[in-house]
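Asks: Sharing a structure below in structure tokens format, with a few things to ask.
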Amino acid sequence: MLLRDLVATSTAVAGTRSRLQKRRHLAEALRGAHPDDVDAVATFLAGGIRQRRTGVGWRTLADLPAPAAEATLTAAAVDAALERMAWLSGPGSQEERVREVRALFAAATAPEQQLLRGLISGEVRQGALDALLLEAIAEAAEVPVSLVRRAAMFSAATGPVAAAALRGGRGALAAFGLVVGRPVRPMLAASAPDLDGALVGLPGEVAVDGKIDGIRIQVHRSGDDVAVFTRSLDDITARLPEVVEVALGLPARAVVLDGEAIALAPDGRPRPFQETGARAMSRDAGLRDTVPLTPLF
């Protein structure tokens, strides 16, 4: 699939307020993609990239070559270039990354450059949220949207779900399940009008937790391997060694945990949220000595 086709779809989606029309544009684009490209195409349509991190900063995107006169760039070529950028490391990697960026943008027309810049920076403005894309996948593959949403919960990434739906339909979607080590999309809380309303549909005894001002984490343990993910599914294992230690001390070899982590003072009282948040965002391992985090599952 040519990148110009995705530009056309993105423009059409951004140009209408109708959710139905947005979904139809997205579904048409998914049906028009080559089976091998559906994963990347679906991710692009959602306004993201499969690699999540490429190491390309705003300075690099601020100095780009002149656009190409003719549209020849394909979605597959874009995905391959981004993959190369993501894997670059070590001495000279930044210079090589800049060369990759310039080569990619030199092959793109002006509208394609605009889309690429948005995809890499995470600032695509087209009104195609992931929830809408899931509906479009269901329409394109002619399967119930409930099956698509279930598969997406276990897949985390939307691209593989789109590829499975268009290739294998219901059977391929049903094959998605819990895999230790692969993050699961978090369930989000919803409000209720009152206590009775909150308990509707919950027969028997229930447990209630107080609201904790911590960070939402998901912990996966398989044997001696532990991974810690944020609510946005970023891997922060190296930043929370205390959580890894707790997970390794559990009487289980394979487990998936969902909960909150919070920094506590010596007297057991919660520290300000900023300190907890700093641990999740910082790559400075030295912070563990001053604000240890306690996981609450």
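The values are calculated or read from the model by the stated rules, or taken from the named source; none is laboratory data. This one's a predicted model, so the numbers in the text were calculated from it and none came from an experiment. Here Cβ is always computed from backbone atoms with ideal geometry, including for glycine, and neighbour counts include all displayed protein chains. The accessibility values were calculated without ligands, DNA or RNA, using every heavy atom of the protein model including side chains. Shrake-Rupley method; radii C 1.70, N 1.55, O 1.52, S 1.80 Å.
Asks: Of the residues 172, 152, 136, which is open to solvent by less than 20 Å² (accessible area, probe 1.4 Å), among the small types (Gly, Ala, Ser) and either touching a Ser or Thr at 6+ places or on another chain (Cβ under 7 Å) or without any contact (Cβ under 8 Å) to a residue 24 or more places away in the chain (or both)?
Replies: 152
Asks: For the stretch 23-44, check the following and say yes or no: at least one residue is at pLDDT below 95 and aliphatic (A, V, I, L, M).
Replies: no
Conditions tested, residue by residue: (1) touching a Leu at 6+ places or on another chain (Cβ under 8 Å); (2) closer than 14 Å to residue 53 by Cα; (3) modelled with pLDDT under 95.
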position: 81; (1), (2), (3): yes, yes, no
position: 89; (1), (2), (3): no, yes, yes
position: 93; (1), (2), (3): no, no, yes
position: 100; (1), (2), (3): yes, no, no
position: 105; (1), (2), (3): yes, no, no
position: 108; (1), (2), (3): yes, no, no
position: 111; (1), (2), (3): no, no, no
position: 120; (1), (2), (3): yes, yes, yes
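Asks: Also, I was wondering about something else. Out of 23, 19, 53, report the one residue that is buried (at least 21 other Cβ atoms within 10 Å of the Cβ), of a type in the set (D, E, K, R) and either touching a helix residue (DSSP H, G or I) at 6+ places or on another chain (Cβ under 9 Å) or touching a residue at least 24 places away in the same chain (Cβ under 8 Å) (or both).
Replies: 23
Asks: Just one of 266, 251, 295 is in a loop (DSSP other than H, G, I, E, B) and modelled with pLDDT under 90; which is it?
Replies: 266
Asks: Continuing with the same structure: Does any residue in the stretch 213-225 that is over 15 Å from residue 250 (Cβ atoms) come within less than 9 Å, Cβ to Cβ, of a residue that is open to solvent by 10 Å² or more (accessible area, probe 1.4 Å) and among the charged types (D, E, K, R) six or more places away or on a different chain, and which pairs are these?
Replies: Partner pairs satisfying both residue conditions: 213/260; 214/260; 215/231; 215/260; 216/231; 216/258; 216/260.
Asks: Those residues that are assigned to a helix (DSSP H, G or I), open to solvent by less than 40 Å² (accessible area, probe 1.4 Å), under 20 Å from residue 11 (Cα atoms) and of a type in the set (S, T, N, Q), I need them from the stretch 62-115; list them, please.
Replies: 113 - this is the single residue of the stretch 62-115 that is assigned to a helix (DSSP H, G or I), open to solvent by less than 40 Å² (accessible area, probe 1.4 Å), under 20 Å from residue 11 (Cα atoms) and of a type in the set (S, T, N, Q).
Asks: Now for a different question. Hey, among 208, 161, 180, 200, which residue is within 27 Å of residue 38 (Cβ to Cβ) and open to solvent by 30 Å² or more (accessible area, probe 1.4 Å)?
Replies: Sole residue among the options that is within 27 Å of residue 38 (Cβ to Cβ) and open to solvent by 30 Å² or more (accessible area, probe 1.4 Å): 180.
Asks: Can you tell me which residue within the stretch 214-240, out of those that are open to solvent by 90 Å² or more (accessible area, probe 1.4 Å) and assigned to a loop (DSSP other than H, G, I, E, B), is farthest from residue 276 (Cα to Cα)?
Replies: 224
Asks: Quick one: what pairs do we get from the stretch 175-191, first residue closer than 17 Å to residue 229 by Cβ, second surrounded by 10 or more Cβ atoms within 10 Å (Cβ to Cβ) and of a type in the set (D, E, K, R), C-beta under 6 Å, 6+ apart or different chains?
Replies: Matching pairs, first to second residue: 186/231.
Asks: Within the stretch 202-216, does at least one residue satisfy the condition of being in contact with a strand residue (DSSP E or B) (Cβ under 6 Å, 6 or more places away or on another chain), aliphatic (A, V, I, L, M) and farther than 26 Å from residue 52 by Cβ?
Replies: Looking for residues that are in contact with a strand residue (DSSP E or B) (Cβ under 6 Å, 6 or more places away or on another chain), aliphatic (A, V, I, L, M) and farther than 26 Å from residue 52 by Cβ, one finds at least one in the stretch 202-216, hence yes.
Asks: List pairs: first in the stretch 94-114 and under 13 Å from residue 56 (Cβ atoms), second assigned to a helix (DSSP H, G or I) and open to solvent by 50 Å² or more (accessible area, probe 1.4 Å), Cβ under 7 Å, 6+ apart or cross-chain?
Replies: 100/84
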